[in-house]
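These notes are about the structure you will find just below.
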Amino acid sequence: MRVTLNGAACSVTGSAHLVESGGRRILLDCGLHQGRRSESDALNRSPGFDPSSIDLLILSHAHIDHSGLIPAVVRDGFRGPILCTAATRDLCALMLADSARIQESDADWLAREHPDSPPPVPLYTPADAARAMGSFHTVPYGRTVEPLPGFRVRLLDAGHILGSSQIELRDPDGATLLFSGDLGRPMPILRDPATGVSEPDAVLMEGTYGGKLHEPGEDSASGLADLVRRTARRGGRVLVPAFSVGRTQEILYTLRRLLGEGAIPGIPVFVDSPMAADATTIYRMHPECFDEEAMEIVYGGGSPFLFDGLRFTRTTAESRELNDLAGPSIVISASGMCEHGRILHHLKRTVVDPAGSVAIVGFMAEHTLGRALAEGARRIRIFGREYARQAEVAVFPGFSAHADTRGLEAWASALPGAEIVLVHGERDRLEALAGALRGTGREVRIPERGETLELAAGNRPGSAG
Ligand SMILES: [Zn+2]
Ligand SMILES: [Zn+2]
């Protein structure tokens, strides 16, 4: 079995790993490279493989850095099936369409900025994204399928976002590769990542938070409750910038629980993002991904994401009406890093209000408005205008969809004997994780992008060929 790392090698975007065995070519993930425009655009337009040569694509989860190139490769000649869970397919229908709209508006923006250059072609269009959905084939967690003669595939819980999976791939020689996808951690709603149910010869493992520890989720939930109570007493609004898929649902679940416990007052809660409303519907459609606690709510006739006082606002008119709303409230909106979208309009109003507050519940990349807020900036630039911040800002680092280094190390320790290849992480994170794993006697490699590795053939004593 040969594996070529086409992306997410010493970086976190563009996850795409090409497996070659028995004359077949299988792609694990097909993600979009994100980051500096010119660099990522070049990588996205020449992904390092000929789409028509790929027999099978297996998708770990719907995040765009794992799925976002699918519309382009289907348009460019990939004719095989795309294997994933049903929840991942449904989230992809939403997220690939959204990504296509972003590709189009990016191209429009470039055309306006450079009127003398030939008009840029979007990476793909909404029509490409819609057409790609016809290639999806779904498989439940835990069931072994044979999508190509002699190749066995099994998807296992990854506990990261709805539908996320680890991918176990066994080739006709019996060599078994386990791809971690993105690993989550024990948190509400989803089942925890599966550990110790696979006996692979080699492991492709993510290391996003190698060497880092998260704050316990419970501390962040009670911190959020304190903030809501304080802000409500002041008569202000709690503004929560949140990714539409995953984080918004986790926050809704947490608020529902805090309300039930009487830890927060019953003030109006708004989810102001059409994408988040759609994603919440998809979450509700897939209880087969839920953990026991969430299932108890479903069996009791409720929904883990809905409660009295919650409203989803879709139209811009509804969104604007929120500005005139007096009294305490909670508004959850996107984008998660405050880079664009409706959250900016809400921020403009809330940051200047001494009664208001902003709850930071997600990762904020460098050079984003969200990062400036998280770092306590006193002056905030929105739509080119500067605002003096009066509102309270509180950071809750315990909301994370990724395993921290303790979770990663525990996951690896349940796979004794397998050689470990680290992907999906900045180099220093992967080095930190590699150091910890080598300390326990494991063989660990950190490949570069484009590198090809011979893997999983007879590494395990007693395995075939
Ligand atoms: Zn992910
Ligand atoms: Zn990822």
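Read-outs: derived from the displayed coordinates by stated rules, not from any lab. Predicted model only: the values in this text are computed from it and were never measured. Counting neighbours? That spans all protein chains shown, and the Cβs are built from the backbone with ideal geometry, glycine included.
Quick notes on this structure:
- Antiparallel bridges, percent of DSSP beta bridges restricted to the chain (to nearest 5): 45
- Full extension of the segment from residue 320 to residue 445, taken as 0.36 nm per residue of separation minus the current Cα-Cα distance, would add 39.8 nm.
- Projected over every direction and averaged, the convex hull enclosing the alpha-carbon atoms of the range 297-375 yields 6.8 nm².
- Charge dipole of the range 156-213 about the Cα centre (unit charges at C-beta), most positive-ward option of 193, 183, 213: 213
- For the chain, dividing the convex hull volume of the Cα atoms by the residue count gives 141 Å³ per residue.
- Sequence-separation-based contact order of the range 89-199, relative, with Cα cut under 8 Å and 6+ spacing, percent: 17
- Note on the range 130-174: Cα convex hull, mean projected area over all directions, 4.0 nm².
- Over the range 101-148, the ratio between the Cα radius of gyration and 2.2 N^0.38 Å evaluates to 1.88.
- Inverse mean reciprocal Cα-Cα distance (Kirkwood Rh) of the range 81-128, Å: 12.1
- Segment residue 410-residue 53, extension gain: residue separation times 0.36 nm, minus the distance between their alpha carbons: 124.8 nm
- Taking the charge dipole of the range 297-422 about its Cα centre, with +1 at Lys and Arg Cβ atoms and -1 at Asp and Glu Cβ atoms, the residue from 374, 420, 387 reaching farthest to the positive side is 387.
- Only beta bridges with both residues in the range 156-221 are counted; by DSSP, about 65 percent of them are antiparallel.
- Spin-label pair residue 192/residue 41, simplified geometry with 7 Å Cα→Cβ offset, distance in nm: 4.6
- Diffusion coefficient, µm² s⁻¹, Stokes-Einstein with Kirkwood Rh over alpha-carbon pairs of the range 256-352 at 4 °C and 1.567 mPa s: 87
- Note: relative contact order over the chain, using C-alpha pairs below 8 Å and six or more positions apart, is 19 percent.
- Helix runs (DSSP H) in the chain reaching 27 Å along axis by Cα, Kyte-Doolittle at least -0.5: 86-113
- Positive-end residue of 114, 58, 102, charge dipole of the range 20-160 with Cβ unit charges: 58
- Across the range 287-420, Cα-Cα pairs farther apart than 20 Å form 61% of the total.
- This model, with +1 at the C-beta of Lys and Arg and -1 at the C-beta of Asp and Glu, gives the chain a dipole about its Cα centre of some 1040 debye.
- Quotient of the Cα radius of gyration of the range 120-210 and 2.2 N^0.38 Å, N being its number of residues: 1.29.
- Using C-alpha pairs below 8 Å separated by at least 6 residues, the relative contact order for the range 333-422 is 28 percent.
- Exposed trypsin sites (Lys or Arg not before Pro) absent: longest stretch of the chain, with sites in DSSP loops and at most 12 other Cβ within 10 Å deemed exposed: 144-377
- For the range 255-299, fraction of C-alpha pairs farther apart than 18 Å, in %: 48
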